[in-house]
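To keep things clear, I will list the structure first and then write my remarks on it.
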Amino acid sequence: MLLLDGKKLADELKSEIKTEVDQLVSQGKKQPHLAAILVGTDGGSLTYVGHKVKACEQVGFKSTMLHFDSAMTEAELLQEVAKLNADPDVDGFIVQLPLPAHISADKVIMAIDPSKDVDGFHPVNVGKVTLGLPAFVSATPLGITKILERYNIETSGKHCVVVGRSNIVGRPMSILMSGQLPTGNATVTVCHSRTKNLKDITLQADIIIAALGKPEFLTGDMVREGAVVIDVGTTRVTDTTSKAGWRLKGDVKFDDVSKKASAITPVPGGVGPMTVVSLLLNTLQAAKQKL
Ligand code: NAP
């Protein structure tokens with residue numbers, strides 16, 4: 001069984017990004033600049049934005065974190081988005097989700113300039129990705145394609161089962177896997193909460209991408225011998241033995257599934273670090289587009 005080590009791969013990609021940034025700066029160009037808007041104090045969001053800011057520092061990007069109170073109004077947030085759209089120093093920015101219930105995430109995403117939408121959530125980027133045109137690909141699916149690419153996982157002609165159809169993971173992942181890309185050309189089945197006989201479907205998969213947010217949902221009996229398994233899930237479960245009082249669990253029962261899989265991502269240390277590095281890749285692309 002091959003462990004698809006996202007942490008190690010993310011470190012390699014960060015080092016490659018840093019080399020490019022050093023070259024740009026030595027040529028007198030400006031540092032790529034990523035900004036992040038965070039509203040409220042959701043523990044997970046604080047951690048994720050913290051990782052993103054730290055990763056920017058590691059590769060030599062400038063980063064700006066704008067942290068607002070959860071009482072901020074939708075109009076105020078839209079004003080902040082407009083400011084970042086207009087700021088020539090900012091190459092790309094993200095608005096960390098989820099947002100407080102009184103703010104429409106759709107409205108906020110639609111307000112982001114697509115050329116700065118390094119999360120790849122704006123309909124213009126989603127549409128371009130669907131058409132196979134150059135665009136910012138949503139960070140988690142992009143990170144998964146990088147894992148498949150760097151570990152030379154054959155996808156062409158394979159049956160890929162994606163469990164989950166969210167706009168940020170399952171849906172774009174299914175589009176990329178079926179597209180005419182080096183890490184695409186798969187025959188894709190998308191499953192969701194209404195799917196019947198899920199196990200019959202996952203048992204036919206050469207590649208399974210589990211993105212449903214249900215800890216240890218995918219068990220060994222649902223996986224064919226030799227399948228490649230990508231675990232996107234990151235659910236915080238209570239763990240009194242850990243300092244934080246919780247730990248991350250994936251959607252895959254790792255001990256069980258790893259006995260049958262030919263390759264598998266761990267949680268933590270699989271897709272998560274690759275999501276962060278993909279955001280850096282998108283930001284570098286945004287910065288280079290302006291040169
Ligand atoms: P989401 O928006 O809640 O979507 C979950 C999807 O799973 C939905 O399409 C849902 O179906 C489907 N689903 C739920 N229960 C199911 C079941 N019993 N059988 C089959 N399908 C089922 O979640 P998300 O944003 O895509 O995230 C999924 C997981 O990935 C979460 O744990 C999240 O924390 C994690 N995540 C990790 C990263 C990372 O960087 N590692 C990034 C993003 C997300 P319906 O559409 O029918 O409701």
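Straight Cα distances below 22 angstrom link Lys107 to the lysines Lys83, Lys116, Lys128, with same-chain residues fewer than 8 positions distant left out. Taken along the Cα-to-beta-carbon direction at a fixed 7 Å, the label points for Lys8 and Asp22 span 2.3 nm. Taking every protein chain into account, the accessible area of the stretch 134-291 amounts to 45 square angstrom per residue (probe 1.4 Å). Once all protein chains are placed together, Asp106 keeps about 110 Å² accessible to a 1.4 angstrom probe. In this view, the solvent-accessible surface of Phe68, computed with a 1.4 Å probe and all protein chains in place, comes to about 50 Å². Cross-link partners of Lys158 among lysines, defined as those whose alpha carbon lies under 20 angstrom from its own and excluding same-chain residues fewer than eight positions apart: Lys146, Lys199, Lys260. Taking amide H atoms as placed 1.01 Å from N in the peptide plane, the amide H of Glu216 lies under 5 Å from those of Gly250, Asp251, Val252, each 5 or more residues away in sequence or on another chain.
On full extension, the segment bounded by Thr219 and Thr187 gains 9.3 nm, given 0.36 nm per residue less the C-alpha separation. For the pair Arg236 and Ala86, label points projected 7 Å from Cα toward Cβ lie 3.6 nm apart. Note: relative contact order over the stretch 28-113, using C-alpha pairs below 8 Å and six or more positions apart, is 41 percent. For the residue pairs Lys14/Lys288; Lys7/Lys243; Lys29/Lys288, the alpha carbons lie more than 19 Å apart in Lys7/Lys243.
Gain on full extension, evaluated as 0.36 nm per residue between Phe68 and Ser104 minus their Cα-Cα distance, stands at 11.4 nm.
Please list, by residue number, everything in the stretch 185-223 whose backbone N is under 15 Å from a paramagnetic label point 7 Å out along Cα→Cβ of Ser156. From the stretch 185-223, the list is 185-187. The stretch 119-151 and the stretch 88-116 have Cα centres spaced 17 Å apart. By the scheme Lys and Arg +1, Asp and Glu -1, what is the net charge of all other residues having a beta-carbon under 14 Å from that of Asp69? Within the 14 Å Cβ shell, the charges total -4. Computed extension gain for Val124 through Val53, at 0.36 nm per residue and net of the alpha carbon distance, reaches 23.0 nm. Bridging of Lys30 to aspartates and glutamates at a Cα separation below 15 Å is possible for Glu20, Asp22, Glu57, Asp87, Asp89, Asp91, once same-chain residues fewer than 8 apart are set aside.
Packing, as the average of other Cβ atoms within 10 Å across residues, places the peptides 258-264, 276-282 in the order 276-282, 258-264, highest first.
Directionally averaged projected area (the stretch 158-291, Cα convex hull): 9.9 nm². Placing R0 at 45 angstrom, the Cβ-Cβ distance between Asp200 and Glu149 gives a FRET efficiency of 0.90 after rounding to 0.05. Quick check: at a probe of 1.4 Å, how many percent of the accessible area of the chain sits on carbon and sulfur atoms? Using a 1.4 Å probe with all protein chains present, the chain comes out at 54 percent carbon and sulfur. Dipole magnitude for the stretch 210-281: about 160 debye, using +1 per Lys or Arg Cβ and -1 per Asp or Glu Cβ, origin at the Cα centre.
Peptides 69-75, 141-147, ordered by how many other C-beta atoms sit within 10 Å of their residues on average, highest first, read 141-147, 69-75. Across the chain, C-alpha contacts under 8 Å between residues 6 or more apart give a mean separation that, scaled by the residue count, equals a relative contact order of 20 percent. Computed on protein heavy atoms with a 1.4 Å probe, the accessible areas place His33, His67 in the order His67, His33, largest first.
The values are calculated or read from the model by the stated rules, or taken from the named source; none is laboratory data. Computed from a prediction, not measured in an experiment: that's the story for all the values here. All Cβ positions, glycine included, derive from the backbone under ideal geometry; neighbour counts span all protein chains shown. For the accessible areas, the whole protein counts, side chains as well, though only heavy atoms, and no ligand, DNA or RNA atoms are used. Shrake-Rupley method; radii C 1.70, N 1.55, O 1.52, S 1.80 Å.
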